[in-house]
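Every number in this text was worked out from the coordinates using simple rules, so none of it is lab data. Model, not experiment: these values are computed from the prediction. No Cβ is skipped: glycine too gets one built from the backbone with ideal geometry, and neighbour counts run over all protein chains shown.
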Amino acid sequence: MEITYRTVGDYRIPNLDLPEEAKAPLGRWGTAHKDYLMYHRPVTFTTMLADGTLWKHLQEVDEQAEKMFNQLVKEICKDENINEELKARDQICWVRSMNNVYNRATEIVNHELINT
């Protein structure tokens, strides 16, 4: 493997490029899991980064977490009867209830998928 360099001022910097999968943007869940791995599991983070498996893993976690979050929101709203009727009747109560649902679903996803 041959490495090429470019000169920037007085420094020679290697011309490195990320793999194609690493160029795809991560969502909020993938970014949160990356931060968790980086700060709380640095060996795992570095190993996966070196192996080239980190970005694929983060994208999979992002997709799983998004599906789980959406499913939890739907289930909690159904269980607690938070619907369009409530929204039409009392918007403040609906907003308060939906914020509560989003926060609980976020905590569950963080506990189950992101911070593990």
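Springs between alpha-carbon atoms under 10 Å, Gaussian network over the chain: tell me which of Asn100, Asn83, Asn15 tops the mean-square fluctuations.
In this elastic network of the chain, the residue with the biggest mean-square fluctuation among Asn100, Asn83, Asn15 is Asn15.
Run the count for the chain, please: Lys pairs, Cα-Cα under 29 angstrom, 8 or more apart or on different chains.
12
Can you tell me the orientation of helix 54-79 relative to the chain, as the angle in degrees between its alpha-carbon axis and the longest Cα principal axis, to the nearest 10?
0 degrees
So how tilted is helix 28-40 from the main axis of the chain? Cα-based, degrees 0 to 90, rounded to 10.
60 degrees
In terms of the Cα gyration tensor, with a ≥ b ≥ c the square roots of its eigenvalues, is the chain rounded because a/c is under 1.5, prolate because a/b exceeds b/c, or oblate?
Judged from the Cα gyration tensor, the chain comes out prolate (a/c at least 1.5, a/b above b/c).
Taking the Cα centre of region 22-114 as origin and charging only Cβ (+1 Lys, Arg; -1 Asp, Glu), how large is the dipole, in debye to the nearest 20?
The dipole magnitude comes to about 220 debye.
Which one of Tyr36, Leu113, Thr46 is farthest out on the positive end of the charge dipole of the chain, using unit charges on Cβ (Lys, Arg +1; Asp, Glu -1) and the Cα centre as origin?
Tyr36
Relative to the longest principal axis of the C-alpha atoms of the chain, give the angle of the C-alpha long axis of helix 91-109, reported between 0 and 90° and rounded to the nearest 10°.
In the chain, helix 91-109 runs at an angle near 40 degrees to the longest axis.
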